[in-house]
Amino acid sequence: MTDPTTEHPSQWSPEVLVAMTPVLRQLHMAIHDPFAGTGVRLGALCDKLRLTFTGTELEQEFIVEPRVRQGDSTWPDSYPTQPHVIVTSPVYPNGMADHFRASEPEGRHTYRQAIHRLTGEDRPLHESNMGRYSIRRGEKAFQTYAVLATAAAGWWFPSVVVLNVSDFYVGDERFPLVRYWRELLKALGYKFAADIEVKTRRQGHGVNRDRRVECEVILTAFPREDFAPSQPVDVAYAYRKLAGRKQRELVSP
């Protein structure tokens, strides 16, 4: 069988893990990744720092690290009951989230085609997987991405959040995914420390392989003391505020 650690389309960049290490060492709390993928690289870093690690991943075929369990991070019972820090790199709604069925998976750098290569059979991703809602499919797909992102992030408060995210190009336009996630967390009761920009080697796949954003960003978000969330009221509010707006309103300067 093909190895998930090489087939998963998007794993933690070594440069990001290095840059994030002082933050995690200072926080010195258990780590939970709600979009864990294989779980291998972040799990190894937690072991190095002697931090408890857990993770959740929707697609069983991707899981390698035994501390990652299959589950849906839009549900509250997928999270640890003990205090923890959310450390994650969410799915980007870029070309890796293209979800069309391809008769031949080779050469296609998407989540769906990675599972095809791992199992030898094509199947759709889980409906709650943001990895099936590429912005290239239009406004409706991005609204679904936004709803799922909000449904997951709505359960993070009051945990500190360390989020690795990056803008990307759609054709000739830069999609401001960093700003989108910052605004989402702000709506859900968070304030931010200074951004950490990390220059990384980009993957070089897809039609925009020569048009890459140079740096990834690490956002460190802390719960506001004056914010008292009430599930599911605040999440429903964020659905209306973020997912219900038109795409151009979300990405305009």
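Quick look at the values:
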| read-out | value |
| --- | --- |
| Residues (under 18 Å from residue 128 (Cα atoms), modelled with pLDDT of 95 or more and hydrophobic (A, V, I, L, M, F, W, C)) located in the range 32-79 | 35, 36, 68 |
| Lone unmet requirement of (1) hydrophobic (A, V, I, L, M, F, W, C); (2) over 17 Å from the mean Cα position of the chain (by Cα); (3) buried (at least 16 other Cβ atoms within 10 Å of the Cβ) for residue 16 | (2) |
| The range 94-128, subset of a type in the set (S, T, N, Q) and either assigned to a loop (DSSP other than H, G, I, E, B) or at positive phi (or both), residue modelled with the lowest pLDDT | 103 |
| Criterion violated by residue 37 - all others in (1) out of contact with any helix residue (DSSP H, G or I) (no Cβ under 8 Å at 6 or more places or on another chain); (2) surrounded by 18 or more Cβ atoms within 10 Å (Cβ to Cβ) satisfied | (1) |
| All positions within the range 202-222 that are touching an Asp or Glu at 6+ places or on another chain (Cβ under 9 Å) and at pLDDT 95 or above | 216, 217, 218, 219, 220 |
| Matching option when the condition is of a type outside the set (Ser, Thr, Tyr), modelled with pLDDT under 90 and on the phi < 0 side of the Ramachandran plot, among 199, 191, 241 | 241 |
| Residue in the range 124-138 that is within 19 Å of residue 221 (Cβ to Cβ) and touching a helix residue (DSSP H, G or I) at 6+ places or on another chain (Cβ under 7 Å) present | yes |
| Output for the range 21-43, where each listed residue is touching a Leu at 6+ places or on another chain (Cβ under 8 Å), within 11 Å of residue 85 (Cβ to Cβ) and not in a strand (DSSP E or B) | 24, 28, 29, 30 |
| Checklist (1) closer than 19 Å to residue 56 by Cβ; (2) of a type in the set (Gly, Ala, Ser); (3) modelled with pLDDT under 85 applied to residue 131, failing item | (3) |
| Total residues in the range 139-161, condition assigned to a loop (DSSP other than H, G, I, E, B), touching a helix residue (DSSP H, G or I) at 6+ places or on another chain (Cβ under 9 Å) and either surrounded by fewer than 21 Cβ atoms within 10 Å (Cβ to Cβ) or of a type outside the set (Gly, Ala, Ser) (or both) | 4 |
| Of the criteria (1) out of contact with any Lys or Arg (no Cβ under 9 Å at 6 or more places or on another chain); (2) within 27 Å of residue 19 (Cα to Cα); (3) modelled with pLDDT under 95; (4) not hydrophobic (A, V, I, L, M, F, W, C), which one residue 182 fails | (3) |
| Pair list, Cβ under 7 Å, 6 or more apart: the range 158-174 residue under 24 Å from residue 188 (Cα atoms), other residue basic (Lys, Arg) and not in a loop (DSSP other than H, G, I, E, B) | 167/174 |
| Inter-residue pairs, beta-carbon under 7 Å, first assigned to a helix (DSSP H, G or I) and in the range 53-64, second hydrophobic (A, V, I, L, M, F, W, C), 6+ apart | 61/115; 61/118 |
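The values are calculated or read from the model by the stated rules, or taken from the named source; none is laboratory data. What you see is a predicted model; the values in this text were computed from it and never measured. Cβ sites come from the backbone with ideal geometry, for glycine too, and all protein chains shown count toward neighbours.
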